[in-house]
Amino acid sequence: MSQSPLYHLKEIAGILRSEHGCAWDKAQTSGTLKSYLIEEAYEVYQAIERGDIDNLKEELGDLLYQVYAHAQIASEQDLFDIDDIANSIIQKLIRRHPHVFGNETANDKYEVINRWEKIKKMEKNNGQSLLDGVPYHLPALLKAYRVQQKVTRVGFDWEKLHDIIAKLNEEVNEFAVELQKNKENKEALKDEIGDIFFTIVNIARHLEINPEEALQHTIAKFTKRFHYIEQRLNEMNKDITQTPLTDLDNLWEESKQK
């Protein structure tokens, strides 16, 4: 019987950190690898956004190896190994899907999510906050989205979308008042801008739109249009720093038609 690729990957992770392995791999710890883990996850995200299946397969492989590398480091310290990781997630998935692996039923995804949170709360019934499960280092928009998702599952939420839009108008007005009062008070302005962002995330969540993805899409759109401006100016042998803003605006409008 041929060896499982997953088992082979486990062997490779061990060989790389062995006495005659790779000097770089042997020097790593879970702490030094954590930034690579985030980087690999974002590269997977990018491959999905681009719809590049071959690249997605490659990037998922890179991300998978990160799991094996962390498992190898832990196993060397007799903490846990890759099988312990797999068994842990298997048990969790079975435990949190009683409507699939048990006798319970769920009518829609919202019921599934609510049950998941209730089971999770019972598992961690040690005085933890509902929000303790939100990773501290998530990007701010995504973190706001996850925080709001958590609290809405216990009924702490806006009932109607137009009420949130009214709240957004209120927050923008408060920012305008603060700006008029003292534009040098950066802390107060930062606070008001944060309130605006948080309210916009609430609007996105009610529309089932991930705000992080929405902003990434807008950034990509802006970048593409700005590249067009640079290309057109290059064709005309013009320096962007010496080009009047009106001309740049005209090129921007032109880029939107392309």
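A few points about this structure:
- Residue that is farthest from Gln46 (Cα to Cα) [pool: residues in region 200-253 that are among the β-branched types (Val, Ile, Thr) and not in a helix (DSSP H, G or I)]: Thr243
- Of the helices (runs of 4 or more DSSP H) contained entirely in region 81-137, those carrying at least 3 residues that are without any contact (Cβ under 8 Å) to a residue 60 or more places away in the chain and closer than 25 Å to Gln148 by Cα fall at 82-95, 109-123.
This table checks each residue for (1) of a type in the set (Lys, Arg); (2) buried (at least 16 other Cβ atoms within 10 Å of the Cβ).
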| position | (1), (2) |
| --- | --- |
| Val177 | no, no |
| Asn182 | no, no |
| Lys190 | yes, no |
| Leu207 | no, no |
| Glu212 | no, yes |
| Thr218 | no, no |
| Glu230 | no, no |
| Asp239 | no, no |
| Thr246 | no, no |
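- Asn114 vs. criteria over 28 Å from Leu64 (Cβ atoms) and either of a type in the set (Lys, Arg) or modelled with pLDDT under 85 (or both): yes
- Evaluated against (1) free of Cβ contacts under 8 Å to residues at least 24 places away in the same chain; (2) in a loop (DSSP other than H, G, I, E, B), Gln28 falls short on exactly one condition, (1).
- Residue within region 48-61 that is within 23 Å of Asn210 (Cβ to Cβ), assigned to a loop (DSSP other than H, G, I, E, B) and without any contact (Cβ under 8 Å) to a residue 24 or more places away in the chain present: yes
- Residue within region 190-199 that is farther than 21 Å from Arg50 by Cβ, of a type in the set (Lys, Arg), at pLDDT 95 or above and touching a Ser or Thr at 6+ places or on another chain (Cβ under 6 Å) present: no
- Among the residues making up region 19-54, those that are farther than 17 Å from Gln66 by Cα and within 25 Å of the chain's Cα centre (by Cα) are Gln46, Ala47, Ile48, Glu49, Arg50, Gly51, Asp52, Ile53, Asp54.
- Boolean, Pro244 is out of contact with any Gly (no Cβ under 6 Å at 6 or more places or on another chain) and closer than 23 Å to Val172 by Cβ: no
- Condition check for Ala69: among the small types (Gly, Ala, Ser), surrounded by 11 or more Cβ atoms within 10 Å (Cβ to Cβ) and more than 30 Å from Tyr7 (Cβ to Cβ): no
- Enumeration of residues in region 88-111 that are of a type in the set (Asp, Glu) and either touching a Cys at 6+ places or on another chain (Cβ under 6 Å) or modelled with pLDDT of 90 or more (or both): Glu104, Asp108
- Residue within region 157-164 that is at pLDDT 95 or above, in a helix (DSSP H, G or I), aliphatic (A, V, I, L, M) and surrounded by 15 or more Cβ atoms within 10 Å (Cβ to Cβ) present: yes
- Just one of the listed residues (Leu6, Leu16) is surrounded by 10 or more Cβ atoms within 10 Å (Cβ to Cβ), over 27 Å from the mean Cα position of the chain (by Cα) and of a type outside the set (D, E, K, R), and it is Leu16.
The values are calculated or read from the model by the stated rules, or taken from the named source; none is laboratory data. Everything quoted here is computed from the prediction, not taken from an experiment. Neighbour counts are summed over all protein chains in view; Cβ atoms, including those assigned to glycine, are modelled from backbone coordinates with ideal geometry.
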